[in-house]
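J.: One structure coming up, written as structure tokens, with questions to follow.
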Amino acid sequence: MAFPILTLAAQIRSTILLYVALLTPPTTLSQRTLCIFFLPAIYLCHLYTFSSPLAFLSILHCFWSTHLLLFTNPRENFRLICRSKFKSRNGETREWKEGYPKGLKERFGWVSKLLLSPRMIGWDTSAPADTPGSSASATSIPKSKRRSSPLPKATPRTSPSPSPIPRVQRQRLSTWLIERFALVIIYFILIDATNWWMHHDHYFHNIYIHEKGDLDTGLFHTKALWTSFLTDLPKWVDPLAMRILVFGIQEYVLFSYIHSLFAICFVALGRFGIVGEFWGSPYNWPPLFGSLSSVFERGLRGFWGGFWHQLFREMFLGPGKALARVLGLSGKSTTRLAIITTTAFFTSGAFHALTLPNHIDGVDERIAGPSPLGYASFFWLQGACVLFEILINKLMTVVMPERNRGTWSRLLFGMISVAWVIGVLYYSAPLIIDELVKVMRATGLRSVFLFPLGERFLETTSVEPTPIIELIEPPLTTYLIGAATTMAENGPF
């Protein structure tokens, strides 16, 4: 119990330090001074909490603080995008940007929104420091003047701006809430269905799959899935592909489920005026995942940069962008893109490796625990594949420029991109799934509620997780009994 309390206390202390740092005006302390004084203190707050059950919070806070204090300069370069609650006569919603405020009260609200915006939705992070009004307080400008100067139209998707203004389809708020509520129900059913599969799949229970000798003929590739419900998969079904698909669907719907619950709650509160426009507007709650068409258009880059959730995108891109600025690389440079890609996936691998619980109480020490290095290798391999994809794309652009590609050529390139992404994920996904399943075996699978008759059905048909000590002891007991029987029949020699 001491570890969670210690982690929460460290989280509170480090959050206060981060607040104080960002509430200090740039005229008082420069960004370099701010980083030197506050960043080591934030690290020291979390020094003894990295091995606790809630270490994820400490590691996330350290990475986020580093991004805001070292790799970016939010006090001078970030601007908050504000929208009027009332539409103009032509039906448009007026928008304006607010830089770092002058008043302490306004600064506190500005910083609070910044700290709770990991996706940077509702922020313009590309504003240069010398842009007029970027560092001045927008709160000192009369409201009439602020509303008379709306933002320019959103830039197209090809713009290099890292934080585009999200656009949602204009619809009634009640319709938006009903749609999100229906999605929450669908997500819950899918989560329950994937949990039901895992309860029946031997792979998610067998503790010996990662022992030496079981790697090549391990349970990940076996077709024997079910106990009493179904004895075998059809021959044309690939068990590896099925497990990757089930695991991927569960991750997708689980993240979307949690995000949708928060979106419904805050938008509903905004409807009654309990929270402001920033928290209660549907504009700031776009879907967590993008469209699969990004995979067709950009391959693996589209999968990670357009389709998969962007919760930590800004945090992982920060080091590469900072290094590119130091080297003076232009925005469209291939070298800059390669540097940002390399550092982003390396940072992602390091972050996920640090957050993987590899010391789980109650697990027998003779069983190999989750490997942080194996977990990180998945993300590093993705980075290498993205770099390879960039190189091939550059070569193909020289051979056949995009302006010369017709409909059939674009269709062919899109199909090749999809096949490439499927192949990369098929052969690399076991790196991450294996480590996560080790944690699941130790902590237990999630319960099944609806699919297909809940726990009652599960008790009669599924494979119950076998305690680790029982998995270890029976072979030893069998060996001793067999040896004793042999000695009794043939003598000791």
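The values are calculated or read from the model by the stated rules, or taken from the named source; none is laboratory data. Bear in mind that the values here come from a model prediction, so they are computed numbers and not experimental data. Note: ideal-geometry Cβ built from the backbone for every residue, glycine included; neighbour counts use all protein chains shown. The accessibility values were calculated without ligands, DNA or RNA, using every heavy atom of the protein model including side chains. Shrake-Rupley method; radii C 1.70, N 1.55, O 1.52, S 1.80 Å.
J.: Could the peptides 406-413, 387-394, 70-77 be put in order, highest first, of the mean number of other beta-carbon atoms found within 10 Å of their residues?
T.: Top of the packing list down: 70-77, 387-394, 406-413.
J.: Would you tell me the accessible area of Thr24, worked out with a 1.4 angstrom probe on the heavy atoms of the protein chains, in Å² to the nearest 10?
T.: 20
J.: Among Lys321/Lys394; Lys102/Lys332; Lys235/Lys394; Lys105/Lys332, which pairs are too far apart, with a Cα-Cα distance over 32 Å? Show your work: numbers first, answer last.
T.: Working: Lys321/Lys394 21 Å; Lys102/Lys332 35 Å; Lys235/Lys394 40 Å; Lys105/Lys332 40 Å.
Violating the 32 Å limit, Cα to Cα: Lys102/Lys332; Lys235/Lys394; Lys105/Lys332.
J.: Quote the accessible area belonging to Met415 in square angstrom, nearest 10, computed with a 1.4 Å probe and with ligands, DNA and RNA left uncounted.
T.: Roughly 120 Å² of Met415 is accessible to a 1.4 Å probe.
J.: With all protein chains present, calculate the accessible area of Val237 using a 1.4 Å probe and round the result to the nearest 10 Å².
T.: Counting only protein heavy atoms, the figure is 20 Å².
J.: For segment 225-331, what value does the Rg/Rh ratio take when both radii are computed over Cα atoms and Rh is the Kirkwood radius, given to two decimals?
T.: Here the Rg-to-Rh quotient is 1.15.
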